[in-house]
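Reviewing the structure listed below.
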Amino acid sequence: MQVKRVLLTEVMKERIAGLLRFEKWNPELISKRLELEGESCVSHETIYQWIWDVKKSKKKIGAKYSKIFKSLSHGSRRRKRANIKDRRGVIKGRVGIDERPNVVNHRERIRDLMMGS
């Protein structure tokens, strides 16, 4: 049996936008809730596609929904800049192994024996 595909109507868009903005629901919850209430509903993936299409679109039809993506819990997440080198784990004033004194290579002191193992 093939499932009938339901397209987003203007009424559905209004309802989904309200639940996203005011109730702070995610598309998965909206989809399941509308299905349980017996309303015509669409999948969460269709809701996500609609949100990102409206965000990218320059058309006047979707203008009132253009900022709806900010209602998603991850819609305005800041991303780490990729061109900055990671500074974690860098020891300041570190002396490289090439610059250690020659007496360490002879291993005559107790601490040299412990560190060299």
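Quick look at the values:
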{"read-out": "Value of D in µm² per second that Stokes-Einstein yields for region 10-71, Kirkwood Rh from Cα pairs, at 37 °C (0.692 mPa s)", "value": "280 µm²/s"}
{"read-out": "Hits among aspartates and glutamates - C-alpha to C-alpha of residue 13 under 18 Å, sequence gap 8 or more where chains match", "value": "23, 28, 35, 37, 39, 45, 53"}
{"read-out": "Total lysine pairs whose alpha carbons fall under 24 Å of each other in region 20-61 (8 or more apart, or interchain)", "value": "4"}
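Values quoted throughout were computed directly from the atomic coordinates according to the rules given, and no laboratory measurement underlies them. All figures in this text were calculated on a predicted structure; none of them were measured in a lab.
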